[in-house]
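Comments concern the structure below.
The values are calculated or read from the model by the stated rules, or taken from the named source; none is laboratory data. This one's a predicted model, so the numbers in the text were calculated from it and none came from an experiment. Cβ placement follows ideal geometry from the backbone for every residue including glycine, while neighbour counts extend to all protein chains displayed. All accessible areas refer to the heavy atoms of the entire protein, side chains included, with ligands and DNA or RNA removed. Shrake-Rupley method; radii C 1.70, N 1.55, O 1.52, S 1.80 Å.
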Amino acid sequence: MPAFELADRLVIGVASSALFDLRESDAVFREQGEEAYRAHQEENVDNTLRPGVAFAFIRRLLSLNDLSDPGDPLVEVIILSRNDPDTGLRVMRSIQTHELPISRAIFRQGRSPYPFMTALNMSLFLSADGRDVREAVAAGLPAGHVLGSAYADDPTDRDLRIAFDFDGVLAGDAAERVYQSGGLEEFRAHEARNAATPHDPGPLRDFLAGVNRIQLREEERRKSDPGYQIRVHVSIVTARNAPAHERAVRSLKEWGVRVNDAFFLGGIDKGAVMKVLNPHIFFDDQVTHLESTSRTTPSVHIPFGEINETPP
């Protein structure tokens with residue numbers, strides 16, 4: 001079999017805990033131990049798992065492979081799991097039942113799989129295991145802790161809407177450090193003084209770049225097929241406002257990435273905006289913001305930077 005190259009694809013790692021609702025199984029593990037958990041998974045191997053927080057996002061991301069040749073997909077999703085292969089059977093059968101085109105998986109009995117992210121060219125790893133995510137981010141890897149409940153997916157809606165916070169997610173946290181040490185006015189003054197100087201990229205800049213490559217493929221499709229409807233829409237939703245907005249916009253341009261929409265909210269509750277924007281996933285580095293958004297929106301905590309150095 002010829003080697004399957006990952007270099008030019010958007011590769012996402014997802015734990016079974018992010019893809020499916022494993023609350024029942026996790027309760028068995030916590031309350032009764034590993035052997036009872038193994039027996040529970042074996043007894044329920046044909047009982048299909050319900051969608052979890054990241055399910056709609058992953059399903060829609062994979063649907064974009066219709067923009068490429070069947071043997072050369074744009075998107076590759078790989079399961080990274082702490083399950084052993086036996087207990088992982090239920091996950092793989094559920095994937096098949098839900099008709100998700102996921103065929104690759106790594107099962108590591110009780111051990112974190114995130115060290116394999118670099119070998120697999122992953123620009124994002126999603127998990128409901130907060131410890132795994134923090135360890136991955138501490139190692140300089142792009143990982144996120146999923147929060148909230150599954151998205152009430154509408155199968156008639158083919159769009160994929162992705163929303164990002166800016167500082168500590170797409171950008172580094174240097175500006176956040178200024179805010180923490182000097183307050184809001186110093187932050188605004190600092191960003192205005194440095195408006196022409198791009199920020200250092202943050203943990204999810206490369207993931208956005210991968211999404212942009214798919215958006216370019218969509219634009220190519222629309223040129224050849226004027227009836228094609230663009231599906232991928234990317235937004236930044238940030239607490240910045242003028243004059244701090246300019247440096248964010250300039251940074252995106254300097255990095256060679258782009259977004260479709262920008263919301264510079266200046267402290268307005270992000271949760272209220274999310275109800276209208278209705279993204280399939282939202283990434284933010286601050287748990288305080290996600291407490292609001294996760295009530296209605298599949299949300300992901302990126303535990304990056306100074307603000308996350310002490311676990312919340």
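Classify region 74-167: rounded, prolate or oblate, from the alpha-carbon gyration tensor (a ≥ b ≥ c, eigenvalue square roots; a/c under 1.5 rounded; otherwise prolate if a/b is larger than b/c)? Oblate is the answer for region 74-167, as a/c is 1.5 or above yet b/c matches or exceeds a/b.
Considering only region 1-121, what is the antiparallel percent among its DSSP beta bridges, to the nearest 5?
Numbers: 1 of 10 bridges.
If we restrict to bridges inside region 1-121, about 10 percent are antiparallel.
Note on region 244-284: the alpha carbon radius of gyration divided by the globular reference 2.2 N^0.38 Å gives 1.31.
Per residue, the average separation of C-alpha pairs within less than 8 Å and at least 6 apart gives the chain a relative contact order of 19 percent. Ranked by the mean number of other Cβ atoms within 10 Å of their residues, highest first, the peptides 252-263, 140-151, 171-182 come out as 140-151, 171-182, 252-263.
Once both axes come from the Cα atoms, what is the angle between helix 245-255 and the longest principal axis of the chain, in degrees from 0 to 90, rounded to 10? Taking the Cα atoms of the chain, the angle to 245-255 is about 60 degrees.
Give me the 1.4 Å probe accessible area per residue for region 159-238, excluding ligands and nucleic acids, in Å². The partial results should precede the final answer.
Working: 3480 Å² over 80 residues.
Computed with neighbouring chains in place, this is 43 Å² per residue.
Rolling a 1.4 angstrom probe over region 160-312 with all protein chains present gives an accessible area of which 49% lies on carbon and sulfur atoms.
Shape class for region 112-184: oblate, because the ratio a/c of the largest to smallest gyration tensor axis (alpha-carbon atoms, square roots of eigenvalues) is 1.5 or more and b/c is at least a/b. Under a 5 Å amide H cut-off, with hydrogens placed 1.01 Å from N, residue 20 pairs with 52 among residues at least 5 apart or on other chains. Once the Cα atoms are used to define both axes, helix 174-193 deviates from the longest principal axis of the chain by about 50 degrees. Considering only 299, 25, 224, the mean-square fluctuation computed in a Gaussian network model of the chain, springs between alpha carbons under 10 angstrom, is largest for 224.
Viscosity 0.692 mPa s, temperature 37 °C: what is the translational diffusion coefficient of the chain from Stokes-Einstein with a Kirkwood Rh over Cα pairs, rounded to a whole number of µm²/s? It would help to have the intermediate numbers written out before the result.
On the way: Rh = 20.3 Å.
Reported coefficient: 162 µm²/s.
What do you get for the angle between helix 23-32 and the principal long axis of the chain? Use alpha-carbon atoms, 0 to 90 degrees, nearest ten. Orientation of helix 23-32: about 70 degrees from the principal axis. DSSP finds beta bridges in the chain, and of those with both partners inside it, around 15 percent are antiparallel.
Run the accessible area of region 1-156 with a 1.4 Å probe and give the carbon-and-sulfur part as a rounded percent.
Values: 3750 of 7660 Å².
C and S atoms contribute 49 percent here.
So what's the back-of-envelope 222 nm ellipticity for the chain, counting only DSSP H runs of four-plus at -39500 (n - 2.57) apiece and dividing by all residues, rounded to 500?
Working: 11 runs with 117 residues, N = 312.
After summing the helix terms and dividing by residue count, I get -11000 deg cm²/dmol.
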